[in-house]
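Trainee: Sharing a structure here in structure tokens format.
Since every read-out is calculated from the coordinates, none of them should be taken as a lab result. Just so it is clear, the model here is predicted, and its values are computed rather than measured. Reconstructed Cβ throughout: ideal geometry from the backbone, glycine too, with neighbour counts over all protein chains shown.
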Amino acid sequence: MSSWFQISYVSLTFSLKSMQPLIRGVDMFDTVIKNGTIVTAYETIQADIGIEGEKIAAIGHDLRGKQIIDATGKLVTPGAVDIHVHLEMPIGKFTSTDDFFTGTRAAACGGTTCIVDFVERQPDETMVEAIAARRALADPKTVIDYSLHMTLGPNEIPILEQVSEAYAAGCTSFKLYMAYGLRLNDGELLRALTAVSHTNGIPVVHAENWDIITTLISQNLEAGRTTPHWHPRSRPAKMEAEATGRVIDIAAMVGTPIHIFHVSCDATVQRIAAARQRGLPVTGETCPQYLFQTWDAYDAPGVEGALPVCSPPIRSQSEQDALWQALADGNLQMITTDHCPFTHEEKATGLFDYSQIPGGVPSIEMRFASIYHKGVRTGLLTPNQWIDLCCTTPAKTVGLTNKGHIGIGFDADMVIFDPNVKFFVTANSLHEAAGWTLYNGLTLHGWPITTISRGEIIVDNGQLLGRAGQGQFVKRN
């Protein structure tokens, strides 16, 4: 456990167990959350929370505040943290449907108070200039706080000396692809991982075997196998695992930690688990699409079969079951979304060639509640595991040191979560821009009713109170 987390957790443990308010020179706080059940990654307990300005200032009993939030019968959790989203991201001839306003609005309504998006450098930009350009796009629109991963593709290999400058600009995690046009070969992976290691940054990796994928796609198309049914059959689970094992081994040789994005299958889980058993600093995530859907969705008629196309693909029921077990056992460490939706019309452009369907699905709003619904209520996960997977470990992994936890000095990012309310999921009940959802018709038991960002209520009973531009760029180090 890192030192920042130990310090903060010690403060929380002291305040909760002693039940003495930590007042720091004030006897009335700006806001007090009273009568709720606080759920952290470590314990569940009854206490009040005092907020002063943008920070959590006290945890104890009988706190007084200028504003009182009554959380009787509710859970009080950290704001959820989603370290894998793609907002208004150009991908080929399309741009992902949610922009930085609609995407962060939806995130806030679903209890997420911080996201991490991506930067892709243009040929005439330095890495720092690319970060500045992405921030200029995001800053006027974001409702919640955000940070950025810097993408290192083949065009960045000749300028890896700029990695330290990107790090200094607050971009301390670096996306490496093993697929698509941005893929790196093994030598390039070695060079990129080494450069990131020298800055103490964290590489985050899309691991698939692109040569195998492109060969299978070509074979399928030549044989007339063109429908979305063949999408997962072109991206085998064993080859996802092979790529994962390969990049883990290269990272181990370099001596750098590594995080594996969007794990979709048990074979990849086993590679991550084996690495961790060897003491390697490897983490892995999965996403709601892999936990709620199966590859049968690709057999739906027309555009409905194209909507679930994402990569890695959604797989079989047995793979879904294995992912839930991996979360319960600690062999996967977090749940993100890889939120990257496209419209019906854009998805339909690849109906006669599944390889041309823009890949990506929306999940940014329903992630937090859906994991409570299917994980906690069924007994697959404890409430504390839910918070660890959706809030604490994501923040800790990428250096969001003031996020993902309820503790003295942390940002006052919190959620009042009603475990008894029912939320019926439709495209209209969500705030995402795609106009469709993979989870249409699902009734969730439990939903965030209040979202607080840096001490300010930004969502209350489904109403957005936050504003575009309120979110801040989080410079990590």
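Trainee: Once both axes come from the Cα atoms, what is the angle between helix 210-222 and the longest principal axis of the chain, in degrees from 0 to 90, rounded to 10?
Mentor: Tilt relative to the chain: about 60 degrees.
Trainee: Using Stokes-Einstein with the Kirkwood hydrodynamic radius over Cα pairs, what translational diffusion coefficient do you get for segment 295-450 at 37 °C and a viscosity of 0.692 mPa s, in µm²/s rounded to a whole number? Write out the running numbers ahead of the final one.
Mentor: Working: Rh = 17.1 Å.
Roughly 192 µm²/s, to the nearest whole number.
Trainee: Moving on to the next point. Tilt of helix 317-329 relative to the longest C-alpha principal axis of the chain, in degrees (0 to 90, nearest 10)?
Mentor: 40
Trainee: Further, regarding this structure: Might you report the magnitude of the Cβ-based charge dipole of the chain about its Cα centre, with Lys and Arg at +1 and Asp and Glu at -1, to the nearest 20 debye? All intermediate terms of the calculation are to be shown ahead of the outcome.
Mentor: Working: 36 positive and 50 negative charges, 159 e Å.
Taking the Cα centre of the chain as origin, the dipole is about 760 debye.
Trainee: Pop the C-beta distance of Asn461 and Ala133 into the FRET formula with R0 = 41 Å and round what comes out to the nearest 0.05. Before the final figure, lay out each step's value.
Mentor: On the way: r = 37 Å, r/R0 = 0.90.
The computed FRET efficiency comes out at 0.65.
Trainee: Farthest toward the dipole's positive end in the chain, which of Gly302, His405, Ser234, given Cβ charges of +1 (Lys, Arg) and -1 (Asp, Glu) about the Cα centre?
Mentor: His405
Trainee: In addition: How many nm separate the modelled label positions at Gln46 and Asn428, each set 7 Å beyond the Cα in the direction of the Cβ?
Mentor: Placing both labels 7 Å along Cα→Cβ, they lie 4.1 nm apart.
Trainee: Follow-up. Would you mind pulling out the separation of the Cα centroids of segment 248-314 and segment 126-188, in Å?
Mentor: Segment 248-314 and segment 126-188 have Cα centres separated by 21 Å.
Trainee: Can you tell me the order of 372-385, 395-408 when each peptide is scored by its average per-residue count of other Cβ atoms within 10 angstrom, highest first? Walk me through the numbers on the way to the answer.
Mentor: On the way: 372-385: 17.4, 395-408: 23.9.
Going from most to least packed, we get 395-408, 372-385.
Trainee: Along the charge dipole of the chain, which of Thr450, Tyr146, Gly224 sits closest to the positive end, that is, farthest toward it, with unit charges on the beta carbon of Lys, Arg, Asp and Glu (+1, +1, -1, -1)?
Mentor: Farthest towards the positive pole: Thr450.
Trainee: What angle do you read, to the nearest 10 degrees and between 0 and 90, between the alpha-carbon axis of helix 100-109 and the longest principal axis of the chain?
Mentor: Between the helix axis and the principal axis of the chain, the angle is about 50 degrees.
Trainee: If packing is taken as the average count of other Cβ atoms within 10 Å, what order do 249-257, 211-219, 147-155 fall into, highest mean first?
Mentor: Working: 249-257: 17.1, 211-219: 15.3, 147-155: 22.0.
Per-residue mean Cβ counts within 10 Å order the peptides as 147-155, 249-257, 211-219.
Trainee: With Cα extents along the principal axes in Å in mind, check (1) 72, 49, 43; (2) 78, 68, 37; (3) 89, 56, 43 and report the label derived from this structure.
Mentor: Correct label, based on the coordinates given: (1).
Trainee: Within the chain, what percent of beta bridges assigned by DSSP are antiparallel, to the nearest 5?
Mentor: Antiparallel: roughly 50 percent of the beta bridges in the chain.
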